[in-house]
Amino acid sequence: MHKPMDALTGRCFEVGGCVRDALLGRPIADRDWVVVGATPQEMLDAGFRPVGKDFPVFLHPQTQEEYALARTERKSGRGYHGFTFHADPGVTLEQDLARRDLTINAMARRPDGSLVDPFGGQRDLRECRLRHVSHAFAEDPVRLLRTARFAARFGDFDLAPDTLALMQRLVDDGEVDALVPERVWQELAKGLMEPWPRRMFEVLRACGALARLLPEVDALWGVPQPLAHHPEGDTGEHLMLVLQQCARAQAPLTVRWACLMHDLGKGTTPRDEWPRHIGHEQRSARLAQRVAERLKVPSDCRELADVVAREHGHVHASGGLGPDATMRLLERCDALRRPERFVQALQACECDARGRTGLEDRPYPQAPRLQAALETVLAVDTAEVAALAQRQGLAGPAIGQSVRQARVRSLAEPGPAAAAP
């Protein structure tokens, strides 16, 4: 049997996020390792399984944790693919750590448990600071996205001014424009699921990257809204409050993405129509589809965003709808076929309603009312209604209309749904 750790004694170091989270007293989900002074053949001989395409990464035969050979990198082209990696037994641990993005991610632990911290990561953790390791930070636009994402994870951490300057350079040099859509989506999705998602967008906006990556979202700042409904006034600030309501509700990614997209149309309202935004819902839906196509957003996020953009105003106003209008709302949302998605749409609308200064804890009776309406409609025995309609000589669309009428009656008369057409 192979004994990988015996063969590599003293040369394997825990690195990166697991070291950072241990120092913060946070749970450790995954452990990453760097192996110094080893060759790929030594790793294979010790029983490790290779998985890396661009550089040597191996899986431990027992734990399945990732072990990467210590490596350096050199800029060789634009974007985050534009790097040449170099790994050989001569690369030191400090050289490997030097290529990382932030100091808090550039620490390691020796086999005896002692800390290796050549760039002051532990100090930056104590002082709640996000700071780059070296000026090589400005060579990789993914580091900009990751830094914004870490700002969303550690909401009380400040961004070092010189790190912000390097992020601005990445924007000015056009490096951000070289990011592939899949990677942008991946980082945005992760950041949206952090405890402070608003911080990600604030950091992206501060360095100028938001205008390049999501100009439709960036356009919302400086756009006023009626103070009677939005005490916070600014549409961009409203969006940030909505995202924080998503985090508070522990909403899934689909809901958070829908909330990010729901008001995009307000950014296209002509100035002479401010602060009202008549028709912004349909404009929001069109812009959300454009963003989804550009970033290759998954279909579940794309579809929910479309529903919420189109219908959130109607959901907010649904308390005054009668049975037929309520039925039309359910139909437009495709709630009868997609009840689970409709529940998520209601959650997004609730986050929207509470994403307003001073109204964070306001009740939202629209959600339980519409959920109850959907349950009532779904309880109608459509087979019985259709059978009765056929006995009365109806066929084709007329049967469907009979079923719909029975559903509307069920909303008008709470209790067991009537079967008669």
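The values are calculated or read from the model by the stated rules, or taken from the named source; none is laboratory data. All figures in this text were calculated on a predicted structure; none of them were measured in a lab. So basically every Cβ, Gly included, is an ideal-geometry build from the backbone, and we count neighbours across all protein chains shown.
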Among the residues of segment 93-119, which ones are modelled with pLDDT of 95 or more, under 25 Å from Asp162 (Cβ atoms) and part of a loop (DSSP other than H, G, I, E, B)?
-> Asp101, Ala106, Met107, Asp117, Pro118, Phe119
Sole miss for Asp324 among (1) charged (D, E, K, R); (2) assigned to a loop (DSSP other than H, G, I, E, B); (3) within 18 Å of Gln366 (Cβ to Cβ) is condition (2)
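Can you tell me which of Ala178, Ala189, Ala165 is among the small types (Gly, Ala, Ser), over 24 Å from Ala251 (Cα atoms) and at pLDDT 95 or above? Spell out the reasoning first.
Details: Ala178 fails: at pLDDT 95 or above; Ala189 fails: over 24 Å from Ala251 (Cα atoms).
Answer to the check: Ala165.
Picking from Glu350, Glu384, Glu331, Glu360, which residue would you name as being part of a helix (DSSP H, G or I), under 30 Å from Asp234 (Cα atoms) and not hydrophobic (A, V, I, L, M, F, W, C)? Spell out the reasoning first.
Details: Glu384 fails: under 30 Å from Asp234 (Cα atoms); Glu331 fails: under 30 Å from Asp234 (Cα atoms); Glu360 fails: part of a helix (DSSP H, G or I).
Result: Glu350 is the single residue among Glu350, Glu384, Glu331, Glu360 that is part of a helix (DSSP H, G or I), under 30 Å from Asp234 (Cα atoms) and not hydrophobic (A, V, I, L, M, F, W, C).
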Residues in segment 275-285: is at least one part of a helix (DSSP H, G or I), crowded, with 22+ Cβ neighbours inside 10 Å, within 13 Å of the chain's Cα centre (by Cα) and on the phi < 0 side of the Ramachandran plot?
-> no
Could you list all residues from segment 175-234 that are part of a helix (DSSP H, G or I) and among the β-branched types (Val, Ile, Thr)?
-> Val176, Val184, Val203, Val217
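Given the options Val203, Val255, Val217, name the one that is farther than 23 Å from Arg286 by Cβ, modelled with pLDDT of 95 or more, crowded, with 22+ Cβ neighbours inside 10 Å and out of contact with any Asp or Glu (no Cβ under 8 Å at 6 or more places or on another chain). Full working, then the answer.
Numbers: Val255 fails: farther than 23 Å from Arg286 by Cβ; Val217 fails: farther than 23 Å from Arg286 by Cβ.
That would be Val203, the only listed residue that is farther than 23 Å from Arg286 by Cβ, modelled with pLDDT of 95 or more, crowded, with 22+ Cβ neighbours inside 10 Å and out of contact with any Asp or Glu (no Cβ under 8 Å at 6 or more places or on another chain).
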Looking only at segment 159-174, which residues are over 16 Å from Leu210 (Cα atoms) and of a type outside the set (Asp, Glu)?
-> Leu159, Ala160, Pro161, Thr163
Within segment 368-413, the residues that are surrounded by 16 or more Cβ atoms within 10 Å (Cβ to Cβ) and either without any contact (Cβ under 8 Å) to a residue 24 or more places away in the chain or touching a Lys or Arg at 6+ places or on another chain (Cβ under 7 Å) (or both) are Val377, Val380, Ala386, Ile399, Ser402, Val403, Gln405
